[in-house]
Amino acid sequence: MKICITSAGETLDSAVDPRFGRCAYFIFLDTDTGNFQARNNPNAEFQGGAGIQSGQLMAAEGVSAVITGNIGPNAHQVLSASGIDIFTGVCGTVKEAIEGYKAGKYKPASAPNTGAKSGMREK
Amino acid sequence: MIISIASGKGGTGKTTVSLNLALSLNNPQFLDCDVEEPNAHLFLKPSIVSSETVSVPVPEVDESKCTFCGKCAEVCAYHAIAVIPSGERSRGKVLVFPNLCHGCGSCGLLCPCGAIKEAPRNIGTVERGVKGGIDFIHGSLNVGEAMSVPLIRRVKEHIESGKDVVIDAPPGTSCPMIAAVKGSDFCILVSEPTPFGLNDFVLAVEVLRKLKLPFGAVINRSDIGDSSLEDYCGKEEIPVLMRIPFSRKIAEAYSRGEIGDPVFQELRNDFRGMHERIRGLSAKGGRPA
């Protein structure tokens, strides 16, 4: 199963980026093999629609779950429509987030937990 | 001649200057283009004679024709469309975020399946009225709406050639301000002699130079603050068209919405003089003689 964690850096020791749409990197992880790939977020500098386009990227990549800090209303709508599980309020390193996810520590977020454009302020 | 009044910083006196200018002219058109918070009508109290709803076209997707190829999302410059391919976790879907859509029409034009048609989305109203000899037009953006530029453009479609036109522009130096001042023959920048006033004045000057619009300055509350705004205008050869000293009487009359107050009547000759001077400056591209 493929999941995605928003990350401040390219390794599993990087901190979880609290922003979804405007995070620095997306780390795509295959939970079966443990293989991962870090990808620069192409949407981070968008004036508007960063959450929407990052959500679309998750759907195109076929991920099952997204682990991040905050999700805005537009990104939440795209991820929900794509049937992707959303886990918010996660902090610490990416490695810790993966362990927490595997241990079933997080509950799926049924609603956005931040406003539109919040990723522009929290940079 | 079309004269726009802009400022950079808000609250410097655009409405005071634009209304007094309009009231000192014969049968002008007055356009309140600050559609996010129009206020000139509170002073002029025009009788409204016509009103129209303004909309922007937004895409509507017929998912029975859509192949979820993603072309519409790819070409959308405002990232207002998400295409979700059909897969294990969901069926194919196209999500449109109308609040981000500028109505450019690219998605519909480039959809290879003809699955997109346009539907109107209301963004606000334009009203036209009269007061004395003034032909009054203003726009009012719906609450919560962010797309002000199409509404400003619609307000400006009421401009009649050959008339003296006064445009009250929104504050700032972004798209709404540019949409309001674009196409005018001359722009008056109203500022105040404070560090904040100067900072935003400089930004507005940079915008007007890029637009190649001739312009001059009105310094409001000219006897407060410091001399840095005057110094800047001198150095940059920006004509100072008028200085309005700080006056409690002006502030009181303004706060009561009484633009016909004697304190403003006294300024009308100065405004007529300024208009004459602008005619001359506009012919010379805005540089002082």
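The values are calculated or read from the model by the stated rules, or taken from the named source; none is laboratory data. Source: prediction; values computed, not measured. Don't worry about glycine lacking a Cβ; one is built from the backbone with ideal geometry, like all the others, and counts go over all protein chains shown.
Key figures for this structure:
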| quantity | calculated |
| --- | --- |
| Residues of segment B:52-72 satisfying the condition of being within 30 Å of B:THR125 (Cα to Cα) and either of a type in the set (Asp, Glu) or within 10 Å of chain A (Cβ to nearest Cβ) (or both) | B:GLU52, B:GLU60, B:ASP62 |
| Any hit, segment B:135-144, residues being within 14 Å of chain A (Cβ to nearest Cβ), exposed (fewer than 15 other Cβ atoms within 10 Å of the Cβ) and either without any contact (Cβ under 8 Å) to a residue 40 or more places away in the chain or outside any loop (DSSP other than H, G, I, E, B) (or both) | yes |
| Among residues of segment B:217-267, those that are in a helix (DSSP H, G or I), of a type in the set (A, V, I, L, M) and exposed (fewer than 15 other Cβ atoms within 10 Å of the Cβ), counted | 1 |
| Out of A:GLY55, A:GLY69, sole residue that is crowded, with 24+ Cβ neighbours inside 10 Å and modelled with pLDDT of 95 or more | A:GLY55 |
| Single unsatisfied condition, B:GLY162 versus (1) touching a residue at least 40 places away in the same chain (Cβ under 8 Å); (2) surrounded by fewer than 21 Cβ atoms within 10 Å (Cβ to Cβ); (3) in a loop (DSSP other than H, G, I, E, B); (4) out of contact with any helix residue (DSSP H, G or I) (no Cβ under 7 Å at 6 or more places or on another chain) | (1) |
| Helices (runs of 4 or more DSSP H) contained in segment A:1-120 and holding at least 1 residues within 26 Å of B:PHE68 (Cα to Cα), among the aromatic types (Phe, Trp, Tyr) and touching a residue at least 24 places away in the same chain (Cβ under 8 Å) | none |
| Any pair with Cβ under 8 angstrom, 6 or more apart, that starts in segment B:213-235 at a residue that is at positive phi and ends at one that is crowded, with 17+ Cβ neighbours inside 10 Å | B:ARG221/B:GLY13; B:ARG221/B:GLU192; B:ARG221/B:PRO193; B:ARG221/B:ILE244; B:GLY225/B:GLU192; B:GLY225/B:PRO193; B:GLY225/B:THR194; B:GLY225/B:GLY197 |
| Tabulated pairs, segment B:64-87, first touching a residue at least 40 places away in the same chain (Cβ under 8 Å), second in a helix (DSSP H, G or I) and not small (Gly, Ala, Ser), C-beta under 6 angstrom, 6+ apart or interchain | B:LYS71/B:LEU110; B:CYS72/B:CYS107 |
| Unique match (being within 14 Å of chain A (Cβ to nearest Cβ), within 30 Å of A:GLU45 (Cα to Cα) and surrounded by fewer than 21 Cβ atoms within 10 Å (Cβ to Cβ)) among B:VAL94, B:VAL83, B:VAL75 | B:VAL75 |
| Subset of segment A:26-50 that is closer than 22 Å to B:HIS79 by Cα and more than 9 Å from chain B (Cβ to nearest Cβ) - its residue that is surrounded by the most Cβ atoms within 10 Å (Cβ to Cβ) | A:PHE26 |
| Number of positions in segment A:71-86 that are within 22 Å of A:LYS105 (Cα to Cα), at the interface with another protein chain (Cβ under 7 Å from one of its Cβ atoms) and out of contact with any helix residue (DSSP H, G or I) (no Cβ under 6 Å at 6 or more places or on another chain) | 1 |
| Restricting segment B:73-112 to residues that are of a type in the set (D, E, K, R) and modelled with pLDDT of 90 or more, the residue that is nearest to A:LYS117 (Cα to Cα) | B:GLU74 |
